[in-house]
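FYI, it's all coordinate maths here, none of it is from the lab. Please read these numbers as outputs of a predicted model, since none were measured by experiment. Cβ coordinates were reconstructed from backbone atoms using ideal geometry, including for glycine residues, and neighbour counts include every protein chain displayed.
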C-alpha cells in the first residue's frame, strides 16, 4: 500500500469497498510468482500451468482432514513474515503436513474435509496456498470468509464429497461442468459448477483484476 493510501486508511477515509479493493490488490500483487519456482508464474488468469482450455485443471491430491484452520495453513509463529508472503508460503500447511511445501508441485490440489479454512479472516491463508502453486482447493465445506477470500485472490475453491479421494490420487477437474475425475480410481465426482461470474473473476486473476479489466463487474 503506497504512502497516500496508507494515510487515507489511518484517517479513516477509505470506504469499506476501497479497503477490500486495497487488500485484494495487495494479495494479487504478491501472487505473481511461486517461491519454489520463481521462473513460473502462477497467475490464475490462465490457472497457472495446470490447464487445458482455461477451465480444466490437472494435478495430484494432497489429502487433509476436517477443520483445517487458517492457523494450520499459515502458522502463527511465522506472523513476522506476513509482509513477505513468498517466504511465508514456504511454510504453508506446515502444521498439518510438515513436508507439504516441499512436496507440492504447480497445479496440485489441496483436498480437505469439512469446514476448511475456519478461523481468522486473514487473506494470507488462501494467498500462500496459491503462491505454493496449488491449482484448487476441494473440500466438503468451507468457512465462509475463507471461501470469499479465495475467490477474491483468484484461487479456485470447490465444494464436493472428498471421501473417495485419497492422498496422491491424480485428478482432472472441469470447472464449468462441475466434474472431478479421479484418474487413479477411474471414478467421477460431482460438484456444483462455479457460477459464470466466479469463473470470470478467477480467469481474470482475482477480484481487483476483474474490476480493472471490465471497469466494474462483468455479470
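Miscellaneous remarks
- Put in order of Cβ neighbour count within 10 Å, fewest first, the listed residues 123, 209 become 209, 123.
- Computed over the range 93-148: relative contact order in percent, which uses C-alpha pairs under 8 Å that are six or more apart: 45
- Rg/Rh, computed from the Cα trace of the range 83-152 with Rh as the Kirkwood radius, has the value 0.93.
- Among 189, 207, sorting on how many other beta-carbon atoms sit within 10 Å of each Cβ, with the fewest leading, yields 189, 207.
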